[in-house]
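Some notes on the structure that comes next.
FYI, it's all coordinate maths here, none of it is from the lab. Keep in mind the model is a prediction, meaning the values are calculated, not measured. Heads up, the Cβs are rebuilt from the backbone with ideal geometry, glycines too, and the neighbour counts pull from every protein chain shown.
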Amino acid sequence: MDFSFTEEQTLLQDSLKRFVQKEYTFEKRKAILKSPQGYSREIWSQLAEMGVLGLPFAEEYGGFGGGAAETLIVMQAIGGGLLVEPYLASVVLGGGLVQALGARPQRQMLAEVAEGKLLLAFAHGEPRSRYTLSHVETRAKRDGAGWKLSGRKSVVLNGAQADRLIVSARSGGAAAEEAGIGLFIVERGAAGLAVRDVPTIDGLRAAEVVFNDVRVGADALLGAEGGAFAAIEQASDAGAAALCAEAVGVMEALSAQTLDYLKTRQQFGQPIGRFQVLQHRAADMFIHCELSKSMALLAAMRAGEADARERRRAVSAAKAHIGRSGRFVSQAAIQLHGGMGVTEELPASHYAKRLTMIDFWLGDTAHHLERFGAA
């Protein structure tokens with residue numbers, strides 16, 4: 001299989017690198033984190049103008065018909081610059097579900113997502129669900145021609161920033177059954193909807209969302225009633241593959257910064273990078289980055305696989321490996337930086353925090369090892 005990028009993909013990669021280096025400095029990122037929204041609308045609009053937000057969508061909905069390789073390129077750039085903008089939540093997860101299940105009128109919203117005018121978030125995890133995708137206790141009951149939603153969602157990525165939530169709710173079956181789960185589009189200002197915004201340790205935002213008899217119309221249902229589980233699982237795998245790509249971008253940037261530090265930090269009258277034991281540690285970091293890059297490519301190529309078993313094996317293998325490699329690289333970087341490595345003033349600590357959180361989003365290392373074995 002040829003993993004080399006096309007000319008267009010290489011141009012996309014280069015333009016994103018230049019954009020991040022010029023427009024997303026570490027100081028600017030710190031200012032964005034302090035803003036009420038938790039992300040930059042200016043940066044989001046610039047990404048829309050570059051066509052980045054519409055890459056995965058069909059051309060008829062304002063997109064470019066891109067695939068896994070384009071998502072991988074974007075997420076690596078996001079990781080390298082530590083962007084906190086809601087690309088994963090709005091484009092990969094939310095947009096991916098609308099594109100997979102939405103009727104033609106519902107898919108029209110993808111054009112607004114591509115233009116940067118509409119933010120989506122996927123509200124699926126619950127207080128007792130852990131990483132079990134089929135564990136959904138939120139209920140959807142018929143209410144005339146529409147539906148009434150009741151329940152609670154936990155740690156909804158960018159849930160408070162979203163204009164619309166893609167909500168999983170059960171219209172039939174027991175709490176852990178795959179059958180009976182549907183997806184519903186809920187407007188942010190709907191009556192009975194309560195959203196509490198929470199900052200995460202890596203600078204992103206998540207939300208606790210409560211549905212208290214939230215009424216939605218018949219056109220809010222995505223796809224068939226109770227038949228959304230397969231799409232939820234595939235979207236989650238696509239999201240996990242995207243996180244793997246982001247982790248590679250984070251690891252590469254952190255390794256490069258650590259190597260620069262080893263070349264400039266003086267000890268005993270010479271750069272500490274001349275000490276052989278530190279060179280070995282830097283080499284180990286490089287090896288973990290290269291192995292992770294290969295695993296992220298595998299996950300990206302298999303994320304859209306129709307064969308669910310093969311998709312699970314590839315994505316879970318990548319997520320488990322990258323979870324371990326991310327821990328090694330982040331811990332090694334902190335150790336090589338010494339006490340400076342844990343300070344807020346140095347980018348290294350922020351990269352390490354992001355790697356830690358990537359391991360927990362959409363299933364941690366232990367979960368994906370178990371899932372890989374089951375597949």
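Volume per residue for the stretch 121-226 equals 88 cubic angstrom (convex hull of Cα atoms).
For a paramagnetic label modelled on ARG188 (point 7 Å from Cα along Cα→Cβ), amide N atoms under 19 Å away belong, within the stretch 15-56, to 32-49, 53-54.
Roughly speaking, what is the centre-to-centre gap between the stretch 1-39 and the stretch 340-373 when only Cα atoms are used, to the nearest Å? About 20 Å separates the Cα centre of the stretch 1-39 from the one of the stretch 340-373. Sorted largest first, the spans of the alpha carbon positions of the stretch 230-374 along the three principal axes are 60, 27, 21 Å. Just to confirm my numbers, what's the Cα centroid distance between the stretch 197-237 and the stretch 79-146 in Å? Between the Cα centres of the stretch 197-237 and the stretch 79-146 lies a distance of 5 Å. Evaluated with a Cβ-only charge set (Lys, Arg +1; Asp, Glu -1), the stretch 195-298 carries a dipole of roughly 740 debye about its Cα centre, given to the nearest 20. Helices that extend 30 Å or more along their long axis by alpha-carbon positions and average at least 0.5 on the Kyte-Doolittle scale are, among the DSSP H runs of the chain, 229-264. Per residue, the convex hull spanned by the alpha carbons of the chain comes to 135 Å³. Here the contact order of the stretch 270-318, divided by its residue count and restricted to Cα pairs under 8 Å and six or more residues apart, works out to 28 percent. Charged side chains reduced to their Cβ positions (Lys and Arg at +1, Asp and Glu at -1) give the stretch 121-226 a dipole of some 200 debye around its Cα centre.
With 0.36 nm allotted per residue and the present C-alpha distance subtracted, the SER4-ALA174 stretch has 56.6 nm of extension available. Working from Cα pairs under 8 Å separated by at least six residues, relative contact order for the stretch 7-118 is 32 percent.
Each 10 Å bin from zero holds the following percent of Cα-Cα pairs in the stretch 158-299: 10, 23, 25, 17, 13, 9, 3, 0.
Each peptide in 16-26, 56-66 receives the mean, over its residues, of other Cβ atoms within 10 Å, and ordering these scores from highest gives 56-66, 16-26. Across the options SER90, GLN267, SER325, the greatest Cα extent toward the positive end of the charge dipole of the chain (unit charges at beta carbon of Lys, Arg, Asp, Glu) belongs to GLN267. Label positions at PHE275 and ARG41, each projected 7 Å from the Cα along the C-beta direction, are separated by 5.0 nm.
Counting only the backbone N, which residues of the stretch 225-263 are under 20 Å from the spot 7 Å out from the Cα of SER294 toward its beta-carbon? Residues passing the 20 Å test: 241-242, 244-253, 255. Peptides 39-48, 217-226, ordered by how many other C-beta atoms sit within 10 Å of their residues on average, highest first, read 39-48, 217-226. Amide H to amide H, with H built 1.01 Å from N, ARG205 comes under 5 Å of ASN158, THR200, counting only residues 5 or more places away or on other chains. For the chain, the dipole from Cβ point charges (+1 on Lys and Arg, -1 on Asp and Glu) about the Cα centre works out to 960 debye, to the nearest 20. Compared with the direct C-alpha span, the chain from GLU60 to ARG309 gains 86.5 nm at full extension, assuming 0.36 nm per residue. For the stretch 7-118, the ratio of Cα radius of gyration to the globular rule of thumb 2.2 N^0.38 Å stands at 1.05.
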